[in-house]
Amino acid sequence: METDGQKIALVTGANKGIGREVARQLAARGFRVVLGARRPEAGKKAAADLAGASAVEFLELDVADAASVARAAQELAKRIDHLDVLVNNAGILADGDASIQDLDPGVVRRTLETNTLGPLRVTQAMLPLLRRAPGGARVVNVSSGAGALHDMTGWAPAYSVSKTALNAVTRQFADALRAQHIAVNSACPGWVRTDMGGAGATRSVAEGADTIVWLAAEAPPSLTGKFVRDRKTIEW
Ligand code: NAP
């Protein structure tokens, strides 16, 4: 696979939904894309489907499993010498109909494990490769308006708490990595027609992926530590 001068991106949870579309759009822009997925069969199939005209390769990666993340980082370090873009997209919504009044704390723990600690551990594991990106690197954490404190409702408490905490993870990394030329932002894709968003959602996956891809490939590198929707900074 050609790598000289080609930018390289890793997208987690990219076998379907928004992640798959982000992988597709980045590949269409000339990126070499590493498509992360926890289920090898689904990941290999998605990578093969997208790889028709572009450079897309599968990497087994379960963001909720520290051993899997460590193995993935080791494997990736054998394939590439730097990483320009990391999109922490993998996420679960396990409590859409729940109320905080009787929410099982186990659901909160499981949701945090994937939606918050997942991006934290994947970003940490990829830092050595991100630091070697020749023109600086970008990390995009796929968050949600559900995690915005300024207008939070009672919907999906575990999911919402996990995305609020993810936004804090974004701010922490943005500050810690600013001097290392690694921009870190949270993106809200809007309400998107995927298995998670449902058929009644207002946006296509292409629309949902737009801001994520913009942050990954086009936004000013000085933009860091922000929460972004429709290519504009929004309130936390
Ligand atoms: P989706 O269609 O359900 O896809 C979620 C993806 O994440 C799948 O590929 C899934 O893999 C993967 N995943 C889940 N847990 C994982 C783990 N532990 N390790 C690796 N991959 C894992 O959802 P989506 O709508 O595309 O959501 C993508 C992101 O956008 C999520 O972070 C979500 O919170 C966010 N978001 C979505 C919406 C919306 O309206 N859809 C709105 C706001 C934010 P499997 O196929 O193996 O389950």
Pop a pseudo-label 7 angstrom from the Cα along the beta-carbon direction at both Val107 and Arg231 and give the gap in nm to one decimal. 3.8
Span-like helices, the chain: DSSP H, alpha-carbon axial extent 24 Å or more, mean Kyte-Doolittle 0.0 or greater, which ones? 157-177
What is the magnitude of the charge dipole of the range 8-233 about its Cα centre, with +1 placed on the Cβ of each Lys and Arg, -1 on the Cβ of each Asp and Glu, and no other charges, expressed in debye to the nearest 20? 600
State, to one decimal in nm, how far the label point of Ser222 lies from the label point of Arg132, with both points 7 Å from Cα in the Cβ direction. 3.0
Kirkwood Rh in Å, taken over the range 8-233 so that all alpha-carbon pairs contribute: 17.2
Carbon/sulfur accessible area of the chain, % of total, 1.4 Å probe, equals 51
Reachable lysines from Lys163, criterion Cα separation under 16 angstrom, eight or more residues apart if same chain: Lys226
Residue-normalised accessible area of the chain, expressed per residue, 1.4 Å probe, Å²: 46
Considering only the range 8-233, what is the antiparallel percent among its DSSP beta bridges, to the nearest 5? 5
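Determine the relative contact order of the chain: mean sequence separation of Cα pairs under 8 Å and six or more apart, normalised by residue count, in whole percent.
18
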Can you tell me the order of 20-32, 222-234, 123-135, 56-68 when each peptide is scored by its average per-residue count of other Cβ atoms within 10 angstrom, highest first? 20-32, 56-68, 123-135, 222-234
Mean-square fluctuation maximum in Gaussian network of the chain, Cα pairs under 10 Å, restricted to Gly200, Gly208, Gly43, hits Gly200
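The values are calculated or read from the model by the stated rules, or taken from the named source; none is laboratory data. As the structure is a computational prediction, the values presented were derived from the model and not from experiment. Using ideal geometry, Cβ is built from the backbone for each residue, glycine included, and neighbour counts are taken over all protein chains shown. In case anyone asks, the SASA skips ligands and DNA or RNA and just uses the protein heavy atoms, side chains included. Shrake-Rupley method; radii C 1.70, N 1.55, O 1.52, S 1.80 Å.
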